[in-house]
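*Asks:* Got a structure for you, written out below as structure tokens; questions coming shortly.
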Amino acid sequence: MRPLPPALHPSGAILPTLSVIIPSYNRCDSVRRAVLSLYDQGFPAAQLEVIVVLDGGADDSAAMLAQLRPPFRLSVIEQTNQGSAAARNRGAAQAAGEILVFIDDDMECAASFLIEHARAHNGSQRRVALGYFEADMQGEVSYFADQLRGWWAEMFRQMRADGHRFAYKDLLSGNFSVPRRLFREVGGFDVTLLRHHDYELGYRLLAAGAEFRLVEAAACIHHERSSLHRTVMGKLAEGRDDVMLGRLHPDLRPVVPMNWLRRYLALPSRILMRLAFSFPALGDRFAAICESALRPLEYARRYATWLRVLTGLNIYWYWRGVATELGSLKKLDEFLKAPHGGTGTVAALGVQLEDGVAAAAKCLDAERPAAAVLYYGDRLIGRIPALPGTERLAGRHLAPLLSDVFRAPLLAALADTRPTGVSLLENSLAELADQLMQRWTEPQWRV
Amino acid sequence: MPTKVLDLDFDALPACVEYPAGYRRALVLVRFKGVPVGKFHLPLNGAGLPREKVVEAICREFGPMLADAWLTDWIGHDGRPKPQSLPSATVAVCTRDRPDDLARCLESVTRLRQGGQQVMVVDSASRGAATPDVVARFPGARYVREEQPGLDRARNRALREASTEVVAFIDDDAIADPGWLSALLRNFDDSEIMCVTGLTMPLELETNSQETFEQIYPFARGFHRKVHDRWSLPPVCAGRAGAGVNMALRRDVLAKIGPFDEALDAGALTRSGGDNDMFARILSRGYRIIYDPAALNWHRHRRAPEELISQAYGYGAGVYAAFAAMWRREHDIAVFSTSLRWLLADQLPRLVRSLLKRPGSGPSSVVLAELRGCLAGPAAYAAETRRLAEGPGG
């Protein structure tokens, strides 16, 4: 056992014990790379175990893992194929560490990965550390490879953005860590979902009062091997899963994508929906033709058209997934209209902006309300509603909301108080406030 | 008639704005708490400008924009990333036979507000000892000699020699605003952002050539921060993202995109276009370019009329050479439609206006030189790629 490097505990803080859980299915080389990347982490070996759960599969993974001599305890569990959610639960059931670190088998961890996950839980029993990963497209240069890399980056871009309200969808099972007690308290992964079992766990964790935090230093390289066809067909499972999510947690129905897609009235979008629900045989033929058109479009460098067609395909297969679960558009509308939790009943905190943004933010931090009503003096600025499957409001959410959403009414209120001491600038404030107010409508909230 | 360039912060206006005698007009860069808000022309009458006059002029010109900046400041959120730490950076100056300009540039770099960066001067085959002598006067600056001329070759050398995450390029005939580097660096908060460009203002407008250059080829790309990707900015129009005078690149651009095309830009027959081509390649691989006007530097445009003509020619040649590079690489037919649109919507109307001697149109010789450059660009690119393929000395 290596001695503990002194840099680990400058404050005398004791690192928690970690259990790293890696589900794998027929990917011997990948899982080997993932396990090897945990070797030289400088994390105290006595405080670390790695559990690989082989979920069925028929390759050499078990023999390969048996030959490894890692500097930490490595357990290998073999089970008949039950899906990655069940595999993760199985690993978690056996885990002894205080913190469970879940990674996919196609991840390769950066040098300080374990320490960063361990540190992220300092001082809190209810924190969920969302690790970062960058997609490595295995040298593939194509519109699709670049697009997929960009999609992954976009997810982290949103989480990183100032004032992001963490939501159930931010939990990506590829790289996150959670205290074992919290994981068991909420009951682990739901094994009935095909793909979105991580979202579903995210929902229950947030409902249990977990605090999500993006920890970019807990980084991995994600060796991405997906193909365009697989990604597009994956939308079928996502559509199904969103219906199941809505059944499990009815209050999510207003925020799953099918809700705003249903209200999105552009003609091509409506045609795709109609095809998926009423003429799936025709729709599938049409989708196959569109998919085969992507390659010539790329060859002709028609990126904008290529992206439109791909987006259409994604929407179509998503609707197909929804349709397999719900059957008809009528059922879809009933599903979306069904009474759900009723977030409107949540008590909102009144927040006063007259003393400045910092003071108001402090107030939000003290109360952590689900919803808020903003005032400047006795003028109403706007309402921040509760969002299902989303963390409660905190001070850091306020300034970006004021800047992006409530700019017009805030400026109108400020302009009346003649705040700058420069009369010409105050005229400009009033002028701009008038302009903005003419275009302002209270926002329609959605995730 | 020379124009005085003034740099005024609305939040810190002096009681009276003074300027040297002999100017009838000013180009004013207006800032609010350090961040550029806009630029406008202000007539001068020889005497100093009292504060009230300046406030009135600025409010008349920029009222809504200033109000917006004031509100942003009140809220304390400008939409820009606020990373906890900035990436490590090298300031790279590629230079050739301009020791005086280089000295002024390096002086400005020593005044950067942000500390900890490395400074590298790539001497692109300058004659004599003047260039290394200037660099020796700045103890922090590293001197790298590149024997073969060529701006893109020098840029590649800087990327290869640097050991930092980001390399920020500034031309030797430009000077950096104290906040330039940190404003560039804080935008690199995302692995998809390969490049950040900034606002470049004229350092002086003392001659007609400089005025004309600023009118026809301004480096400024507006006063709003912009995020460019290939959806919002087709690679063929990549020049709108910024210019090589004021750009920072991730060093791993070498691995992910590849080096600058050495058949392009100053020192080669193609004369310019290296920056354009790099921006286009970044965009077409799905990466992003940020333009942030808070990253400000000042460029001294060429003073003499013949230099303006030569620049116009070089600009036309470079753009068309970059089109040729793009066609060779991707067979993107957009190069034809874009060049046609440019000709019909911009170059020909400009030529007609200058032949009719409309105010602000500049001499027709400039437009004609640009068109000659356009015609010569693709052939120049072909010649340079042949020369490169034949190897050094070929």
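*Asks:* Let me know the volume per residue of the alpha-carbon convex hull for the stretch A:344-439, in Å³.
*Replies:* 102
*Asks:* Obtain the nm distance between the two label points defined at A:Gln79 and A:Leu194 by a simple spin-label model: each point lies 7 Å from its Cα along the Cα-to-C-beta direction.
*Replies:* 2.1
*Asks:* State the Cα centre-to-centre distance between the stretch A:257-327 and the stretch A:383-447 in whole Å.
*Replies:* Between the Cα centre of the stretch A:257-327 and that of the stretch A:383-447, the gap is 37 Å.
*Asks:* Looking at chain B as a GNM with Cα springs under 10 Å, which of B:Arg221, B:Arg372, B:Arg24 has the largest mean-square fluctuation?
*Replies:* Maximum among the listed residues: B:Arg24.
*Asks:* Follow-up question, since we're still on this one. Can you give the convex hull volume per residue for the Cα atoms of chain B, as a whole number of Å³?
*Replies:* Cα convex hull per residue, to the nearest whole number: 150 Å³.
*Asks:* Kindly state, as a whole number, the per residue volume in cubic angstrom of the convex hull around the alpha carbon atoms of the stretch B:1-136.
*Replies:* 162
*Asks:* A follow-up question, please. What's the ranking of A:54-61, B:89-96, A:237-244 by average number of surrounding C-beta atoms within 10 Å, highest first?
*Replies:* B:89-96, A:237-244, A:54-61
*Asks:* Could you work out how much longer the chain between A:Val141 and A:Ala63 gets when fully extended? Use 0.36 nm per residue separation minus the Cα distance between them, nm to one decimal.
*Replies:* Result for the pair: 24.6 nm of gain on full extension.
*Asks:* Here's something else I'd like to know. Restricting to DSSP H runs of at least four residues, report the calculated mean residue ellipticity at 222 nm for the protein assembly as shown, -39500 (n - 2.57) per run over all residues, nearest 500 deg cm²/dmol.
*Replies:* When only DSSP H runs of four or more count, the value is -13500 deg cm²/dmol.
*Asks:* Right, here's the next one. Could you tally up the Lys pairs in chain A with alpha carbons closer than 28 Å? Skip any pair fewer than 8 positions apart unless they're on separate chains.
*Replies:* 8
*Asks:* To continue, here is another question. FRET efficiency for A:Arg418 and A:Val346, Cβ-Cβ distance as r, R0 = 45 Å, nearest 0.05?
*Replies:* 0.80
*Asks:* Further question: Excluding B:Ser284 itself, what net charge comes from residues whose Cβ is under 14 Å from its Cβ, given Lys and Arg +1 and Asp and Glu -1?
*Replies:* That sum, taken over residues with Cβ under 14 Å, equals +2.
*Asks:* Sticking with this one: Quick one: what do you get for the stretch B:39-102 if you divide its Cα Rg by 2.2 N^0.38 Å?
*Replies:* Rounded to two decimals, the normalised Rg is 1.85.
*Asks:* Convex hull over the Cα atoms of the stretch B:306-389, averaged projected area in nm²?
*Replies:* Averaged projected area of the stretch B:306-389's Cα convex hull equals 5.9 nm².
*Asks:* Against the empirical 2.2 N^0.38 Å scaling, what ratio does the C-alpha Rg of the stretch A:230-337 come to?
*Replies:* Against the empirical 2.2 N^0.38 Å value, I get 1.09 for the stretch A:230-337.
*Asks:* Ok, one more. Rounded to the nearest 0.05, what FRET efficiency do B:Arg353 and B:Gln84 give with R0 = 51 Å and r taken as the Cβ-Cβ distance? Could you check?
*Replies:* It comes to 0.50.
*Asks:* Any idea what the relative contact order of chain B is, in percent, if you count C-alpha pairs under 8 Å spaced at least 6 apart?
*Replies:* Once normalised by length, the contact order is 15 percent.
*Asks:* Same structure again: So what's the stretch B:61-206 giving for Rg/Rh, alpha carbon basis, Kirkwood Rh from the mean inverse pair distance?
*Replies:* With Rg and the Kirkwood Rh in hand, the quotient comes to 1.03.
*Asks:* Taking the beta-carbon count within 10 Å as an exposure proxy, list A:Leu275, B:Leu375 from fewest neighbours to most.
*Replies:* Starting with the residue having the fewest Cβ neighbours, the order is B:Leu375, A:Leu275.
*Asks:* Classify the stretch B:89-304: rounded, prolate or oblate, from the alpha-carbon gyration tensor (a ≥ b ≥ c, eigenvalue square roots; a/c under 1.5 rounded; otherwise prolate if a/b is larger than b/c)?
*Replies:* In terms of gyration-tensor shape, rounded.
*Asks:* Any chance you could list P(r) for chain A, counting all Cα-Cα pairs in 20 angstrom bins from zero, rounded to whole %?
*Replies:* It works out to 21, 50, 27, 2, in whole percents.
*Asks:* Something else now. Would you mind pulling out the separation of the Cα centroids of the stretch B:189-222 and the stretch B:321-367, in Å?
*Replies:* Cα centroid to Cα centroid, the span is 19 Å.
*Asks:* Further question on the same structure: Taking Cα centroids, how far is the stretch B:71-94 from the stretch B:114-149 in Å?
*Replies:* Centre-to-centre (Cα) distance: 27 Å.
*Asks:* Here's something else I'd like to know. With Cβ to Cβ distances under 14 Å as the rule, what net charge do the other residues near A:Arg270 carry (K, R +1; D, E -1)?
*Replies:* Summing Lys/Arg as +1 and Asp/Glu as -1 gives +2.
*Asks:* Continuing with this model, one more query. Across the stretch B:4-75, how large is the tail of the calculated P(r) beyond 17 Å, expressed as a percent of all Cα pairs?
*Replies:* Above the 17 Å cut-off, the stretch B:4-75 has 38 percent of its Cα pairs.
*Asks:* Quick check: net charge around B:Tyr23, other residues with Cβ under 14 Å of its Cβ, Lys/Arg +1 and Asp/Glu -1?
*Replies:* That works out to -1.
*Asks:* Can you bin the stretch A:55-145 into rounded, prolate or oblate? Criterion: square roots of the alpha carbon gyration tensor eigenvalues sorted a ≥ b ≥ c, rounded for a/c under 1.5, prolate for a/b above b/c, oblate for the rest.
*Replies:* oblate
*Asks:* Right, here's the next one. Which cross-chain or sequence-distant (5 or more) residues have an amide H under 5 Å from the amide H of B:Val17, H modelled 1.01 Å from N in plane?
*Replies:* Correct list: B:Leu49, B:Arg51.
*Asks:* While we're on this one: Under the classification rounded if a/c is under 1.5, otherwise prolate if a/b is larger than b/c and oblate if not, where does the stretch A:86-242 fall, given a ≥ b ≥ c as square roots of the Cα gyration tensor eigenvalues?
*Replies:* Here the stretch A:86-242 falls in the prolate category.
*Asks:* Further question on the same structure: So for A:Arg90, B:Arg328, A:Arg230, fewest C-beta neighbours within 10 Å to most, what's the order?
*Replies:* Arranged by neighbour count, lowest to highest, A:Arg90, B:Arg328, A:Arg230 become A:Arg230, B:Arg328, A:Arg90.
*Asks:* Suppose a student asked you for the relative contact order of the stretch A:6-224, using Cα pairs under 8 Å spaced at least 6 residues apart; what percent would you report?
*Replies:* Relative contact order, the stretch A:6-224: 26 percent.
*Asks:* Among the DSSP beta bridges whose two residues both lie in chain B, what percent are antiparallel, rounded to the nearest 5?
*Replies:* Within chain B, antiparallel bridges account for around 45 percent of the total.
*Asks:* If you don't mind, another one. As a test of the definition: which semi-axes, in Å, follow for the protein assembly as shown when you take the square root of five times each eigenvalue of its alpha carbon gyration tensor? Largest first, please.
*Replies:* Those come to 49, 34, 29 Å.
*Asks:* Once the piece of chain linking A:Glu431 and A:Gln94 is laid out straight, how much longer is it, given 0.36 nm per residue of separation minus the C-alpha distance between them?
*Replies:* Taking 0.36 nm per residue and subtracting the Cα distance, the gain is 114.8 nm.
*Asks:* Something else: Using a cut-off of 21 Å between alpha-carbon atoms, which lysines can reach B:Lys33, once sequence neighbours fewer than 8 places away in the same chain are excluded?
*Replies:* Output for B:Lys33: B:Lys53, B:Lys82, B:Lys226.
Bear in mind that the values in this text are calculations on the coordinates, not laboratory data. Only a predicted model underlies this, so the values are computations on that prediction, with no experimental measurement involved. In this analysis, Cβ positions are derived from the backbone assuming ideal geometry, glycine residues included, and neighbour counts consider all displayed protein chains.
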